[in-house]
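Input: a single structure, listed below in structure tokens.
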Amino acid sequence: MSRRQSLSLLKNLGRFTTQTRSVTYMPRPGDGKPRPVTLIPGDGVGPLVTNAVEQVMEAMHAPVYFEPFDVHGDMKSLPEGLLESIKKNKVCLKGGLKTPVGGGVSSLNVNLRKELDLFASLVNCFNLPGLASRHENVDIVVIRENTEGEYAGLEHEVVPGVVESLKVITKFCSERIAKYAFEYAYLNNRKKVTAVHKANIMKLADGLFLESCQEVAKKYPSIAYNEIIVDNCCMQLVARPEQFDVMVTPNLYGNLVANTAAGIAGGTGVMPGGNVGAEYAVFEQGASAGNVGKDTTEEQKNANPVALLLSSAMMLRHLQFPSFADRLETAVKRVIAGGKCRTEDLGGKSTTQEVVDAVISNLN
């Protein structure tokens with residue numbers, strides 16, 4: 001047999017061996033009916049990236065349609081009809097909302113989570129093929145308690161110049177978030193859950209959180225469990241992030257840890273996430289939308305839509321549309337791996353619309 005014939009034979013064999021059998025998915029009757037999703041475009045670049053999702057969903061003919069609400073972070077309260085819409089639809093997609101600094105105005109982001117009891121925030125921080133980062137093999141899921149801790153907003157001025165801020169930790173909420181973290185690890189074939197705390201100083205509050213995690217851990221013997229102090233956690237994240245798998249945290253620490261992990265894995269512009277409770281879910285960019293307030297990004301229309309596109313893929317899985325989620329996620333990863341179409345935060349010069357067009361062209 002000639003060398004050319006051998007190569008041809010190997011190529012044909014490779015064509016057959018690389019084919020994978022499609023997964024048989026058996027939907028319930030009626031699952032193909034288009035689902036309504038509440039949409040909050042948000043502030044700054046929020047409308048730009050939520051519009052990116054709308055365009056991709058339309059191009060895929062995804063079985064969802066959006067009910068938009070005009071919401072801005074400087075509003076004193078959630079607009080009328082918004083909560084009713086989310087409670088009816090069960091699902092919301094959200095752009096970034098500005099949170100005023102000081103001034104006594106409460107955060108609408110926090111209010112939304114409290115009103116809907118979205119007790120778990122989930123951020124998935126992982127390396128994307130083709131996107132350079134300082135560390136490899138990063139695949140961390142940060143699960144953060146979303147309703148209490150320092151974010152309870154219980155603070156007041158005792159006397160002029162002295163402010164008291166209360167950190168609230170309850171056994172109920174601590175056990176609930178710990179159970180969610182272990183359940184997530186179990187269902188997603190994750191091997192380890194790490195509890196992040198500061199119980200060496202806040203012995204009662206963080207001590208109660210740790211005790212709750214320890215009790216829940218005993219019910220999941222197949223999943224390894226360990227604990228780490230939050231300051232050491234930040235150092236270990238920067239030094240050896242690959243050691244972490246699933247992390248469960250109180251409210252404030254989770255915000256810090258998720259943003260640190262996102263920065264290590266490739267940046268906040270590519271990390272998906274969402275907030276979920278027993279009944280409702282709100283999907284948004286995983287780590288803090290640091291570019292929400294950047295006027296130049298908004299003016300130049302070069303905000304990165306990848307994080308929200310990947311979050312919307314999470315939303316599609318939540319709605320029981322796995323094939324659409326896979327198509328969207330695969331298309332986004334192809335664009336990133338190609339390296340030709342990237343926004344400024346990823347070292348490129350592409351606009352938001354150019355990224356959207358590239359994703360749409362890679363859908364099939």
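The values are calculated or read from the model by the stated rules, or taken from the named source; none is laboratory data. The structure displayed is predicted, hence computed values, not measured ones. No Cβ is skipped: glycine too gets one built from the backbone with ideal geometry, and neighbour counts run over all protein chains shown. All accessible areas refer to the heavy atoms of the entire protein, side chains included, with ligands and DNA or RNA removed. Shrake-Rupley method; radii C 1.70, N 1.55, O 1.52, S 1.80 Å.
For this structure, a couple of remarks:
- Seen through its C-alpha gyration tensor, with square-root eigenvalues sorted a ≥ b ≥ c, segment 43-194 comes out oblate because a/c lies at 1.5 or above while a/b is not bigger than b/c.
- Surface per residue (accessible, 1.4 Å probe) for the chain, Å²: 51 Å²
- Prolate/oblate/rounded label for the chain (Cα gyration tensor, a/c 1.5): prolate
- If the chain linking GLN320 and SER77 were pulled fully straight, counting 0.36 nm for each residue of separation and taking away their Cα-Cα distance, it would gain 84.3 nm.
- Report note on the peptides 356-362, 207-213: ranked by the mean count of other C-beta atoms within 10 Å, highest first, their order is 207-213, 356-362.
- Which listed pairs, of LYS179/LYS203; LYS90/LYS179; LYS90/LYS333; LYS87/LYS191; LYS192/LYS333; LYS33/LYS192, have C-alpha distances above 31 Å, in listed order: LYS87/LYS191; LYS33/LYS192
- Summarising the strand pairing of the chain, around 50 percent of its internal DSSP beta bridges are antiparallel.
- Three-way shape call for segment 239-364 based on the alpha-carbon gyration tensor, with the a/c threshold at 1.5: oblate
- Inter-label distance, nm, simple model (7 Å from Cα along the C-beta direction), HIS135/LYS192: 1.1 nm
- When the charge dipole of segment 111-196 is built from unit charges on Cβ atoms (+1 for Lys and Arg, -1 for Asp and Glu) and taken about the Cα centre, the candidate among PHE126, LEU154, ILE169 whose Cα reaches farthest toward its positive end is PHE126.
- What a 1.4 Å probe finds exposed on the chain is 54% carbon and sulfur by accessible area, rounded to a whole percent.
- Along the chain, the longest continuous region that contains none of the trypsin sites (Lys or Arg not before Pro) in a DSSP loop with at most 13 other C-beta atoms within 10 Å is 220-300.
- Counting only heavy atoms of the protein chains and using a 1.4 Å probe, THR24 has close to 120 Å² of accessible surface.
- Amide H partners (placed H, <5 Å) of PHE283, local residues excluded: CYS92, LEU93, LYS94, ASN275
- Length-normalised contact order of segment 234-364 in % [C-alpha pairs under 8 Å, at least 6 apart]: 19 percent
- Mean separation of Cα contacts under 8 Å (6+ apart) over length of the chain, as relative contact order %: 20 percent
- Degrees between helix 171-187 axis and first principal axis of the chain (Cα, 0 to 90, nearest 10): 10 degrees
- Whole-number percent relative contact order across segment 68-172, with pairs defined as alpha carbons under 8 Å at least 6 apart: 18 percent
- Charge dipole (Cα centre; +1 on Lys/Arg Cβ, -1 on Asp/Glu Cβ; no other charges) of the chain amounts to roughly 1900 debye.
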